[in-house]
Amino acid sequence: MLKKGSKLNSILTGSCPKCQKESMYEDKNPLHLGKVLKMNENCSHCGFKYQIEPSFFYGAMYVSYALNVAVGIAAFIVSFVFFGATIEQSFLAIILTLVVLFPFVLRLSRNLYINMFVSYDPMAGRE
């Protein structure tokens with residue numbers, strides 16, 4: 001499922017979409033909130049430049065919005081349907097879920113966005 005060369009591997013691990021040999025982020029832990037979006041300039045293995053063009057990752061905001069809507073709907077369904085919570089409790093569950101998952105959604109949206117435009121190249125970084 002997470003074999004090298006698959007988009008899913010790059011998306012879930014945050015690795016370089018071109019060679020998938022190293023993390024795109026300076027700090028692999030998304031829970032270090034001060035560094036959650038700090039990215040390396042280039043992949044040290046294949047040289048791929050992550051910031052493909054100026055303001056490239058602004059497009060990831062739309063992906064982040066879609067992910068947050070999906071997470072919010074899932075939180076509502078779980079709390080309201082499965083746990084029988086009131087509307088107010090379900091609303092609180094949505095807010096808490098979005099706050100807790102915030103750093104993960106931020107990184108996941110960037111990973112998804114860059115993988116929409118860049119494909120794995122097994123020859124990347126080889127000379």
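Data overview
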read-out	value
DSSP-assigned coil residues among GluC sites (Glu not before Pro) in the range 12-112, each with at most 13 further Cβ atoms within 10 Å	26, 41
Difference of contour (0.36 nm per residue) and Cα-Cα distance, residue 83 to residue 119	8.8 nm
Filter on 3/35; 7/28; 7/35; 4/28; 3/38 - keep pairs with C-alpha separation over 22 Å	3/35; 7/35; 3/38
Per residue, the convex hull volume that the Cα atoms of the range 34-91 enclose (Å³)	138 Å³
Which label in [x] 40, 27, 24; [y] 61, 31, 23; [z] 40, 35, 21 gives the computed Cα extents along the principal axes in Å	[y]
Selection of chymotrypsin sites (Phe, Trp or Tyr not before Pro), the range 1-110, meeting DSSP coil and at most 11 other Cβ within 10 Å	83
Cut-off 19 Å, label 7 Å out along Cα→Cβ of residue 61, residues of the range 68-110 by amide N	68-70, 102-110
Rounded to 10°, Cα long-axis angle of helix 60-76 versus longest principal axis of the chain	30 degrees
Degrees, to the nearest 10: 87-117 long Cα axis against longest axis of the chain	10 degrees
Cut-off of 10 Å, at most 15 other beta carbons, DSSP loop: longest stretch of the chain lacking such trypsin sites (Lys or Arg not before Pro)	39-125
Percent RCO, i.e. relative contact order, over the chain, from Cα pairs under 8 Å lying at least 6 residues apart	35 percent
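Bear in mind that the values in this text are calculations on the coordinates, not laboratory data. None of these values were measured; they are calculated from a predicted model. Counting neighbours? That spans all protein chains shown, and the Cβs are built from the backbone with ideal geometry, glycine included.
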